[in-house]
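Asker: Just dropping this structure here.
The values are calculated or read from the model by the stated rules, or taken from the named source; none is laboratory data. As the structure is a computational prediction, the values presented were derived from the model and not from experiment. Heads up, the Cβs are rebuilt from the backbone with ideal geometry, glycines too, and the neighbour counts pull from every protein chain shown.
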Amino acid sequence: MKIGVVTFPGSLDDRDAARAIRLAGGEPVSLWHADSSIKKVDAVVLPGGFSYGDYLRCGAIAAQAPVMKTIIKKAGEGLPVLGICNGFQILVESHLLPGGLIRNEKQHFVCRDQKLRVENVDSAWTNAFQKGDEITIPLKNGEGGYIATEETLKMLEGEGLVTFRYLEVNPNGSMHDIAGLRNERGNVVGLMPHPEHAVEPGFGPDSPVAMRSGVDGLKIFQSVLNSVISA
Amino acid sequence: MIIDTVKQSKKEADKEQPWAALGLKEDEYESIKEILGRRPTSSELAMYSVMWSEHCSYKSSKIYLRQFGEKVTPEMKQHLLVGMGENAGVVDIGEGLAVTFKVESHNHPSYIEPFQGAATGIGGIVRDILTMGARPIAVMDQLRFGAPENPDTARVVHGVVDGISFYGNCLGLPNIGGETVFDKVYQGNPLVNALSIGALKHGDLKLAKADKAGDLVILFGARTGADGIGGVSVLASETFDADGPSRRPAVQVGDPFAEKVLIECCLELFAAGCVAGIQDLGGAGISCATSELASNGGKGMKVQLKKVLLRDESLTPEEILMSESQERMMAIVPKKHLRAFKKIVDRHEVEYSVLGKVINKDRLLINWGKQEIVNVPPRTVAHDGPVYERPVELPKWQAALNADSVNARGLARANDNTTDLAAQFVQIVSSPNQADKSYITAQYDRYVGGNTALAYPDGAGMIRVSEETGLGVALSTDANGRYCQLDPYQGARLALAEAYRNVATSGAKPLAVTNCLNFGSPENPEVMWQFKQATTGLADGCLELGIPVTGGNVSFYNQTGDVAIFPTPVVGVLGVIDDVARRIPSSWQDEGNNIYLLGITKDELDGSVWSEVVHDHLGGKPPVVDLEFERRLAELLHGASLQGLVASATDLSEAGLAQALTESVLRFNMGARVWITELCERDGVDRTSALFSESTGRMLVSVGREDDVKFVGLCDARNIPVLRIGVTDNTGELEIQDLATWKLDELRSSWVATLPELFG
Amino acid sequence: MPKQDLLDPQGKAVARALERSGHKAISAVRIGKRIELHYATTPTDAQLQEAKKIAESFLSNGVIEDVVEVSIEQD
């Protein structure tokens, strides 16, 4: 199961995404932003970071990259695509997901272990969860506030396209506490928190069991392996 | 543009030159004329003035820094791949891997423009690490601000934290720890020190030298602009007058995205073997890079300054030479590798320009078009700058300060008033210096890279270097200006002891030292005395502990008018751990464990947080340090951790046992029942000392019941005093027998509220 | 400019800061962007139309921003 991880100038969590894929049992493949080929991978991850320094708008310039042209096309044909943080911003700028992402309400970058609820499991990236699962995933961003028109929000809620919702604390003012979404088809998912930072015991969020032992993010990467097998 | 050329300098020998305005002294100017056999051109004058400034030449500190290189045994040097003198020290950690680390200051720019000052401070230290051939893997920051309630403090705090957050996060470097201290002595002179660490394989090491004639000199990265012109010599060698910052624009502006791209580009260049030598451009920009590369290589250079890619075409040659535009590197590239070099930088869309080449002469030759504007021996610029032996004088107030101890003053203690004593406990741990720092650290990314094993609130930061074996390194940085004001020699040793102890409590073995020496004006003989004492104390201490100083930084002129900051030498200790899985958390998480206090508690409240918070007092002598004992204590903990006997360990330092207990119960919300009567009896101290004394050589450790016997046995065998003072208990409370019981939620509320209330 | 009905946290933060410094008459602040496209010679009508398209498709995100004006200015 080959899963591509795109590196844009300024991508930061690409190596972490590759590690997460490996730990889940997949084979990570490095993809370069300037190459339009996605090397026949079975799925793609757009990792976190500050692609192009967040110039113009977060993810705006990355969305125009040659590799994105291919990914947008393939996503339309059902290729599973996961956008994490900056990757989520790129998905929104590419119009693969609706809405927009703006500056955090409190104007500060915030890094915290965030509680989430899994709202929808009918997607390539959440099928390994149970609906209603409560998980803890590290969140770290300055521009993570999800906004959308009333109409869009109604549609999202109505069709169950919200995949993750913030619990206990809304860290960035996102509307409806939306932490992540999927598209109608269920192959494209974007989320602000970083599941790739909760995959290896000893390096994830604290858990009641032990310091830094949280690995709730692993299921996201395991999900796509399930969906690729069944594809 | 009228260009002052070498030819002109011979023709117009008696031209008036603004050497004083550029920060040079008359004898230094005469010295330059002697070296060149003529007056310098204005470009040469600019170069010498910047490179001979305090910040670049270390002219006032060199004679004392020598001790770090001299007070070293062969045994201490065995792990050193690169010692002092290079961009950063490099330490062998085993398995063919090495780490390079260093701490640096960016104090003055951070007072003038806190955001950019702090941001570019991070940028600068990361580039130093990169130039050693290493991938930067983490950062730490040591911040000292003025009085918390002073409105100007908030301005600096917000700017600095935003700046570090902005730059460090954007580079993808986890922030694994540091310090934040508030004291009115830093009001007009905040201290912003930044540390970075990088990892490399032994064979990847790069040095900043140009040693083969014919190799090309290439400047790449960001374009050169007017950033920080004269910043280095003018700013760092100038103290602020009491009305505030007088100059605005001499601050560099950073772009972390450009630096991130530069990091990836450089690492690819290194891996491809294109680069024979590399230097980053920081203070003194091109002047520094060219002269240092040439001097280190024992060769010369010929450079065409017009080839420098500019942001601003109106810059004069002098300005180009002095510019401190960020995110630039200078590489020495053998001609045969030029093609490969170009291919890689083009792929990363990084701009570059071939400025010239390495030559066999012992001269640095710089042309502006057809005119020669610089012709100097590189060593005289880069390494053979002035060396001062400044006057040193014991401060007139020192004896009186030392006599004015807590006990001599008879400062009241609440021993017999349980309510007051309990209230002092909460007051002290919630005071700004002791309170929870999450307000700051939550603005830093600690996850990126996926290798952070320990970070704030742990006592040391720890990073995994090898994913295959778990090999990792731990780092702690510590300083205490109050102790140093009382006794700079002991104060430096205390900082070293604390950093050493913090690394030991993480389970790692201390290996090497870096330092950032923040002091007042070297033209003040009393400050110079403090500097001499502190450096000697640190060098002696390192010799005693058997760990060498690998490099560091000096920041002088931290004073407003005549009032200097407290001498504040920041000491960073690096340790190695064979497998980060063995790391020891600072706080306990398990119920029913025994809590042990290692070491002896004495009545040592001089300079303590207690004396500051309760009595607003500073006087007497700081706690005594026994480095031989610290060494044994560290070895004990190492041995115990190898056997898996220790569930948690934290050192005792500022605010003593009170602080250690508070942090231990709040981190994982695991309460404890503690008793201090036995402690008071065994060590002959009162309750105030038991709770708040800052005696050294102590650790608070929790041990699982099944490991008790073994652990105590180990301590006894190694002659380490050990006393059981409590048990962990999931009651949601911290109980200190005969003193108080606090609900963890309430204690936490106080502890976490302080910084958001002040700076929210 | 950010869309009228959407949150502008930057504008909000600036408004609060102005209020704190005593400028009570300012009820709200919204922050937008000014982008300059430089041409070697005065843009033609066709180039102006093209610029409008670029503004709407790339320089702005229609979901969260409105293009308020695209016009030619002398350098």
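Asker: Quick one: which of B:Val126, B:Val139, B:Val161 is crowded, with 24+ Cβ neighbours inside 10 Å and outside any helix (DSSP H, G or I)?
Answerer: Criteria check complete, one pass: B:Val139.
Asker: Exactly one of these conditions fails for A:Lys219: (1) without any contact (Cβ under 8 Å) to a residue 60 or more places away in the chain; (2) part of a helix (DSSP H, G or I). Give me its number.
Answerer: A:Lys219 satisfies every listed condition except (1).
Asker: While we're here: Quick one: in the range B:566-596, which of the residues that are of a type in the set (A, V, I, L, M) and within 30 Å of B:Asn107 (Cβ to Cβ) is nearest to the other protein chains (Cβ to nearest Cβ)?
Answerer: B:Leu574
Asker: Among the residues of the range B:251-281, write down those that are away from chain A (no Cβ under 14 Å), within 23 Å of A:Pro9 (Cβ to Cβ), in a loop (DSSP other than H, G, I, E, B) and within 24 Å of the chain's Cα centre (by Cα).
Answerer: Answer for the range B:251-281, where residues must be away from chain A (no Cβ under 14 Å), within 23 Å of A:Pro9 (Cβ to Cβ), in a loop (DSSP other than H, G, I, E, B) and within 24 Å of the chain's Cα centre (by Cα): B:Gln252, B:Leu281.
Asker: Applying the selection to the range B:461-478, what residues are of a type in the set (D, E, K, R) and within 13 Å of chain A (Cβ to nearest Cβ)?
Answerer: Within the range B:461-478, B:Arg464, B:Glu467, B:Glu468 qualify.
Asker: Report, ordered by the first and then the second residue, all pairs with beta carbons closer than 7 Å, sequence separation of six or more or different chains, a first member in the range B:180-205 that is over 30 Å from B:Gly133 (Cβ atoms), and a second member that is assigned to a loop (DSSP other than H, G, I, E, B) and charged (D, E, K, R).
Answerer: What qualifies is B:Thr180/B:Lys437.
Asker: Still on this structure, I have one more. Please work out which residue is nearest to A:Asp206 (Cα to Cα), limiting yourself to the range B:439-460 and to residues that are touching a residue at least 24 places away in the same chain (Cβ under 8 Å), facing chain A (nearest Cβ under 9 Å) and of a type in the set (Gly, Ala, Ser).
Answerer: Start the filter on the range B:439-460 by keeping residues that are touching a residue at least 24 places away in the same chain (Cβ under 8 Å), which leaves B:439-441, B:443-449, B:451-460.
Subset that is facing chain A (nearest Cβ under 9 Å): B:441, B:443-449, B:451-454, B:458.
Retained after the next criterion (residues that are of a type in the set (Gly, Ala, Ser)): B:449, B:453.
Values: B:Gly449: 17, B:Ala453: 11 Å.
It comes out as B:Ala453.
Asker: Taking A:Glu77, is it without any contact (Cβ under 8 Å) to a residue 40 or more places away in the chain, of a type outside the set (A, V, I, L, M, F, W, C), surrounded by fewer than 24 Cβ atoms within 10 Å (Cβ to Cβ) and touching a Lys or Arg at 6+ places or on another chain (Cβ under 9 Å)?
Answerer: no
Asker: Out of the helices (runs of 4 or more DSSP H) lying entirely within the range B:4-85, which hold 3 or more residues that are at pLDDT 95 or above and of a type in the set (S, T, N, Q)?
Answerer: Those helices (runs of 4 or more DSSP H) do not exist here; none qualify.
Asker: Name the residue that is farthest from the other protein chains (Cβ to nearest Cβ), counting only residues in the range A:1-25 that are closer than 18 Å to A:Gly78 by Cβ and either among the aromatic types (Phe, Trp, Tyr) or buried (at least 21 other Cβ atoms within 10 Å of the Cβ) (or both).
Answerer: So, considering only residues that are closer than 18 Å to A:Gly78 by Cβ and either among the aromatic types (Phe, Trp, Tyr) or buried (at least 21 other Cβ atoms within 10 Å of the Cβ) (or both), the one farthest from the other protein chains (Cβ to nearest Cβ) is A:Gly4.
Asker: I'd like to verify a number: residues in the range A:118-146 that are away from chain B (no Cβ under 14 Å) and part of a strand (DSSP E or B), how many?
Answerer: Within the range A:118-146, residues that are away from chain B (no Cβ under 14 Å) and part of a strand (DSSP E or B) number 5.
Asker: Considering only the range B:328-345, how many residues are farther than 14 Å from B:Gly221 by Cβ and either surrounded by fewer than 17 Cβ atoms within 10 Å (Cβ to Cβ) or not β-branched (Val, Ile, Thr) (or both)?
Answerer: The total comes to 9.
Asker: Among what's in the range C:24-42 and is more than 21 Å from the chain's Cα centre (by Cα) and either under 30 Å from C:Gln74 (Cα atoms) or surrounded by 11 or more Cβ atoms within 10 Å (Cβ to Cβ) (or both), pick the residue that is farthest from the other protein chains (Cβ to nearest Cβ).
Answerer: Taking the candidates together, the pick is C:Thr42.
Asker: Under the condition of being among the aliphatic types (A, V, I, L, M) and modelled with pLDDT under 95, which residue from the range A:110-147 is surrounded by the most Cβ atoms within 10 Å (Cβ to Cβ)?
Answerer: It comes out as A:Ile147.
Asker: Now for a separate question. Only one residue in B:Ser353, B:Ser314, B:Ser325, B:Ser295 is part of a helix (DSSP H, G or I) and either in contact (Cβ under 8 Å) with a residue 60 or more places away in the chain or surrounded by fewer than 21 Cβ atoms within 10 Å (Cβ to Cβ) (or both). Which one? Outline the logic, then answer.
Answerer: Numbers: B:Ser353 fails: part of a helix (DSSP H, G or I); B:Ser314 fails: part of a helix (DSSP H, G or I); B:Ser325 fails: part of a helix (DSSP H, G or I).
It is B:Ser295.
Asker: Among the residues of the range B:181-209, which ones are within 23 Å of B:Phe556 (Cβ to Cβ) and assigned to a strand (DSSP E or B)? Spell out how you get there, then give the answer.
Answerer: Kept after step one, since they are within 23 Å of B:Phe556 (Cβ to Cβ), are these residues of the range B:181-209: B:181-196.
Hits for the range B:181-209 are B:Val181, B:Phe182, B:Leu191, B:Val192, B:Asn193, B:Ala194, B:Leu195, B:Ser196.
Asker: Those residues that are of a type outside the set (Val, Ile, Thr), assigned to a loop (DSSP other than H, G, I, E, B) and farther than 21 Å from B:Arg501 by Cα, I need them from the range B:683-708; list them, please.
Answerer: Correct list: B:Gly684, B:Asp686, B:Gly704.
Asker: Further question: I need every pair where a residue in the range A:147-173 that is away from chain C (no Cβ under 14 Å) has its Cβ under 7 Å from the Cβ of a residue that is in a helix (DSSP H, G or I) and crowded, with 17+ Cβ neighbours inside 10 Å, sequence separation at least 6 or different chains.
Answerer: From residues that are away from chain C (no Cβ under 14 Å), the pairs are A:Val162/A:Leu156; A:Arg165/A:Asp177; A:Tyr166/A:Asp177.
Asker: Is it the case that A:Val188 is buried (at least 18 other Cβ atoms within 10 Å of the Cβ) and among the aliphatic types (A, V, I, L, M)?
Answerer: Judged against the criteria, A:Val188 is a match.
Asker: Let me ask something else about it. Of the residues that sit in the range A:27-51 and are part of a loop (DSSP other than H, G, I, E, B) and either in contact with a Phe, Trp or Tyr (Cβ under 7 Å, 6 or more places away or on another chain) or within 24 Å of A:Asn141 (Cα to Cα) (or both), which one is nearest to the other protein chains (Cβ to nearest Cβ)? Show your work before the answer.
Answerer: In the first step, residues of the range A:27-51 are kept if they are part of a loop (DSSP other than H, G, I, E, B); the result is A:33-42, A:47-48, A:50.
Subsequent filtering for residues that are either in contact with a Phe, Trp or Tyr (Cβ under 7 Å, 6 or more places away or on another chain) or within 24 Å of A:Asn141 (Cα to Cα) (or both) retains A:33, A:47-48, A:50.
On the way: A:His33: 11, A:Pro47: 10, A:Gly48: 8, A:Phe50: 5 Å.
Of everything passing the filter in the range A:27-51, A:Phe50 is nearest to the other protein chains (Cβ to nearest Cβ).
Asker: On to the next question. So, in the range B:544-566, of the ones that are buried (at least 19 other Cβ atoms within 10 Å of the Cβ) and of a type in the set (A, V, I, L, M, F, W, C), which residue ends up nearest to B:Val90 (Cα to Cα)?
Answerer: Checking each candidate, the answer is B:Val549.
Asker: Just for helices (runs of 4 or more DSSP H) wholly inside the range B:365-449: which have at least 3 residues that are surrounded by 15 or more Cβ atoms within 10 Å (Cβ to Cβ) and under 32 Å from the mean Cα position of the chain (by Cα)? Reasoning before the result, please.
Answerer: Details: elements: B:378-382, B:398-403, B:406-409, B:418-429, B:438-441.
Hits in the range B:365-449: B:378-382, B:398-403, B:418-429, B:438-441.
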